[in-house]
1. Inside the stretch 106-126, can you point out the residues that are surrounded by 21 or more Cβ atoms within 10 Å (Cβ to Cβ) and within 22 Å of Leu162 (Cβ to Cβ)?
2. Can you name the residue in the stretch 19-33 that is surrounded by 11 or more Cβ atoms within 10 Å (Cβ to Cβ) and assigned to a strand (DSSP E or B) and is also modelled with the highest pLDDT among such residues?
3. Taking Ile12 as the residue in question, decide whether it is surrounded by 16 or more Cβ atoms within 10 Å (Cβ to Cβ) and modelled with pLDDT under 95.
4. Scan Arg82, Arg146, Arg119, Arg105 and give me the residue that is under 22 Å from Phe40 (Cα atoms) and touching a strand residue (DSSP E or B) at 6+ places or on another chain (Cβ under 7 Å).
5. For Ser62, indicate whether it is surrounded by 14 or more Cβ atoms within 10 Å (Cβ to Cβ) and either more than 16 Å from Ile8 (Cα to Cα) or within 12 Å of the chain's Cα centre (by Cα) (or both).
Amino acid sequence: MPMFASSIAIRIPWMKLYRGVSVLDAPTKDGSFTAKPDSFGGYVFNFMPYQGVLLGSTGLDSEIDVERLGAPKGADQCYGVRVFWVAYSAQLDDWSIIGWYLDARVYKYPQTADANSGRKLPDGSIAKFQIKAEMSVCDLFKESMRFPYLNNERLAWEGNFLYPSSKSGPDNWEYNVLKLVQDRRLGRSSQYYETIR
């Protein structure tokens, strides 16, 4: 199985736990609800475990350019990708990294989840996913520990995706985020993270 160790950042609406929608935890964007309470995307389940893994959704039907993540030409998936989830905080008035999957399989196209995965959408369908990772390599920051680590004004976002940068050193967004990963995962202190269960 090839390992590419590339990175992608993906913007999704803000939530506390990403284990489904509840009265106390509904998705927001730009400080307001993203949609009616009965309408939301698969991202609301991004940190809800299923059989030891997390299934990540962008909430869109967009293709992910896996070749830019190191996959061979014509491939429909790649492995060993670091996925950083980014959401807008109305309180901070900025975009923050809310969590990550550090060794993920990324699919070019949305995949169908098992019917018993618990990822049920308001229309009765099962939310699809595009990223898959073992729970042990995933972290979700507590709301009080989410900060704007990315200088979004200088980044070349393509829709909701931020692909690897050609810049080097501190000007490379991956470089800066990986420094954060090394710091935060050292000792895996419970002060930073929600318990994924």
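1. Within the stretch 106-126, just Val106 meets the criteria.
2. Applying the filter and picking the extreme gives Asp25.
3. Numbers: surrounded by 16 or more Cβ atoms within 10 Å (Cβ to Cβ): yes; modelled with pLDDT under 95: yes.
Answer is yes for this residue.
4. Details: Arg82 fails: under 22 Å from Phe40 (Cα atoms); Arg146 fails: under 22 Å from Phe40 (Cα atoms); Arg105 fails: under 22 Å from Phe40 (Cα atoms).
None of the others qualify; the one that does is Arg119.
5. On the way: surrounded by 14 or more Cβ atoms within 10 Å (Cβ to Cβ): yes; either more than 16 Å from Ile8 (Cα to Cα) or within 12 Å of the chain's Cα centre (by Cα) (or both): no.
It is false that Ser62 is surrounded by 14 or more Cβ atoms within 10 Å (Cβ to Cβ) and either more than 16 Å from Ile8 (Cα to Cα) or within 12 Å of the chain's Cα centre (by Cα) (or both).
The values are calculated or read from the model by the stated rules, or taken from the named source; none is laboratory data. Because the structure is predicted, anything quoted here is derived from the model rather than measured. Reconstructed Cβ throughout: ideal geometry from the backbone, glycine too, with neighbour counts over all protein chains shown.
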